[in-house]
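**Student:** Sharing a structure here in structure tokens format.
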Amino acid sequence: MLSAESLNMGLMLAESGLLDAAMTELMSHPQLLLLTERSPAIKRAVQKQLDRWRGHTKRKLMQQGLSPALKQEIQLYEQATEKSARAFESDIQTLLADLEPVSSFHAQASLLASQQAEHPDPMFQSYFCNKWHAHLKAEIHALQSENLEAQKEKLLDDLYRRIATYQTMDGVDQSGDISKVGRLWDMAASHLSQHDVTLLKRFVTFLEKNPDLQAIAEQLGRMANQVSASGPSQQPTETLKTVPERQVDVPDDITGICQSDRVDRLLPNEAVLLSDPALEVVFYKQLVDKQLLNYQLSGKAHRRQKVETNAPSQSKPEQIKGPFIIAVDASGSMSGFPEQCAKALAYVLMRIAATEHRDCYVMLFSTDHISYELTGEQGLQEAMSFLSYRFHGGTDMAPVIDKALDLMAGDRYQNADLVVVSDFIAPKQSDAMIEKVNALKAQQNRFHAVSLSKYGNPELMAMFDHCWRYQPSLAGRLVNQWWPGKRDH
């Protein structure tokens, strides 16, 4: 007798086969094959997306794929399998009445019941339920196939939209090959218009004319791996080690001829001097003067010596790169060239974050603040909104730094880099906020300031670990130096 558990097992096997076939079909689409062959990183990103889709679709098929009528029919099946053979036969007419409004199996069930009435069979219940099980499996398979086709169409639309976005972005990345950045596939869910692409290319051109901005961003990206002075992750240590050493006293190989007083390495023509009494004196003179011709030998010997190596420190593990939190001053004093610098710097950091699989969260602040998550599913669209924003209003840095500190105190933004891009023409922050900043520094978070004005408040910038000055004036753009007194160590 087939139980409800047997039915569920059969349905799961059917569902699994459907999904495997769908995955194979999806991966064989020509455009997708061409793109994945072009870049292993994209191939991994696509495979990851398909795996997520498979799991989501499987849950949906199992939990929501059955109609109310089919659920009721399965319940009737379960009740029928639990009855005894006598009870099943006596209740067959009631079962047929319940089946009629919910299942197309009713016609076949009525025929089986009439055949049993004419020719009784003691195995009737088992035979009936086997036929019913086959019908249920076919019904669910058809329903799942229909639902799966709908899910497949949605996925294909999403994949082709990402492909179109990827192809549209060709040439936007300074490297000239955006396919090297697999994370951009996750961000390509948004459609980019030609206006968006033109805007991105404008910032790429701006960066080419201002390469020091790119250099600042790249150094910011590397700082997550730099070890603070409070506890290095690698410490020098001395250990005893057996090492090979080349020595002339080891007779492994003949490497040449030399002058010496070694009789055991004497050349044969030197020994000829001893055969003639007249020349014997010459032999002894050369022996005393160490001028006898000898074979020159050398070889490797092993000895124990102290070797200095770098061993991992037990007190502090090597740090993992955390997310970027970028706070950009959007006040009216930043309009013009400083605005272009701030947006270009944030764009470069977004690209670095995408390449290194780090989150990138941008906040624009003036008297209020607006947030953008640049590395999520809608990351490119968020980036377009950010890059299109016009700077205006006054400057109030406290709320946005408070928001950043709250993010860094949470689990998602641990070991984060906060980058504040501003002219820093603002008052010093409160002592309470500086205490919060110092506490987060002790938890391996880093605080960076990029000043786009020479009039920034030094007291305000003193709470940051590292400060850069990139001046909007022509002279400042040529100098482009570190802020005095705040150099990296």
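Residue-wise test of (1) touching a Lys or Arg at 6+ places or on another chain (Cβ under 9 Å); (2) modelled with pLDDT under 75; (3) surrounded by 16 or more Cβ atoms within 10 Å (Cβ to Cβ); (4) aromatic (Phe, Trp, Tyr).
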site	(1), (2), (3), (4)
Leu7	yes, yes, yes, no
Leu66	no, yes, yes, no
Ala69	no, no, no, no
Gln79	no, no, no, no
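**Student:** Separate question: Of these, Gln378, Gln429, which one is touching a residue at least 40 places away in the same chain (Cβ under 8 Å) and polar (S, T, N, Q)?
**Tutor:** That would be Gln378, the only listed residue that is touching a residue at least 40 places away in the same chain (Cβ under 8 Å) and polar (S, T, N, Q).
**Student:** Here's a follow-up. Across region 77-119, which residue is nearest to Ser67 (Cα to Cα) among those that are in a helix (DSSP H, G or I) and aromatic (Phe, Trp, Tyr)?
**Tutor:** Tyr77
**Student:** Taking Gln226, is it over 30 Å from Asn438 (Cα atoms), among the polar types (S, T, N, Q), open to solvent by 60 Å² or more (accessible area, probe 1.4 Å) and modelled with pLDDT under 65?
**Tutor:** Criteria not met by Gln226.
**Student:** Can I ask one more? Grab the helices (runs of 4 or more DSSP H) fully contained in region 362-458, keeping just those with 3 or more residues being open to solvent by 10 Å² or more (accessible area, probe 1.4 Å) and under 30 Å from Gln49 (Cβ atoms).
**Tutor:** Qualifying helices (runs of 4 or more DSSP H): 379-388.
**Student:** Please go through region 254-271 and pick out each residue that is open to solvent by less than 90 Å² (accessible area, probe 1.4 Å), more than 15 Å from Lys290 (Cβ to Cβ) and of a type in the set (A, V, I, L, M, F, W, C).
**Tutor:** Once the filter is applied, which keeps residues that are open to solvent by less than 90 Å² (accessible area, probe 1.4 Å), more than 15 Å from Lys290 (Cβ to Cβ) and of a type in the set (A, V, I, L, M, F, W, C), region 254-271 yields only Ala271.
**Student:** Then there is this: Which of the residues belonging to region 348-368 are over 13 Å from the mean Cα position of the chain (by Cα) and modelled with pLDDT of 80 or more?
**Tutor:** Hits for region 348-368 are Val348, Leu349, Met350, Tyr361, Val362, Met363, Leu364, Phe365, Ser366.
**Student:** Mind checking which residues of region 107-153 are of a type in the set (Phe, Trp, Tyr) and open to solvent by less than 70 Å² (accessible area, probe 1.4 Å)?
**Tutor:** Within region 107-153, Phe124, Phe128, Trp132 qualify.
**Student:** Taking into account only those residues within region 19-41 that are aliphatic (A, V, I, L, M) and at pLDDT below 70, which is farthest from Leu155 (Cα to Cα)?
**Tutor:** Checked region 19-41; the qualifying residue farthest from Leu155 (Cα to Cα) is Ala41.
**Student:** Looking at region 265-274, can you tell me whether even one residue there is modelled with pLDDT under 80 and polar (S, T, N, Q)?
**Tutor:** no
The values are calculated or read from the model by the stated rules, or taken from the named source; none is laboratory data. Keep in mind that what you see is a predicted model, and the values were worked out from it rather than measured. Virtual Cβ from ideal backbone geometry, glycine too; neighbours counted across all protein chains shown. All accessible areas refer to the heavy atoms of the entire protein, side chains included, with ligands and DNA or RNA removed. Shrake-Rupley method; radii C 1.70, N 1.55, O 1.52, S 1.80 Å.
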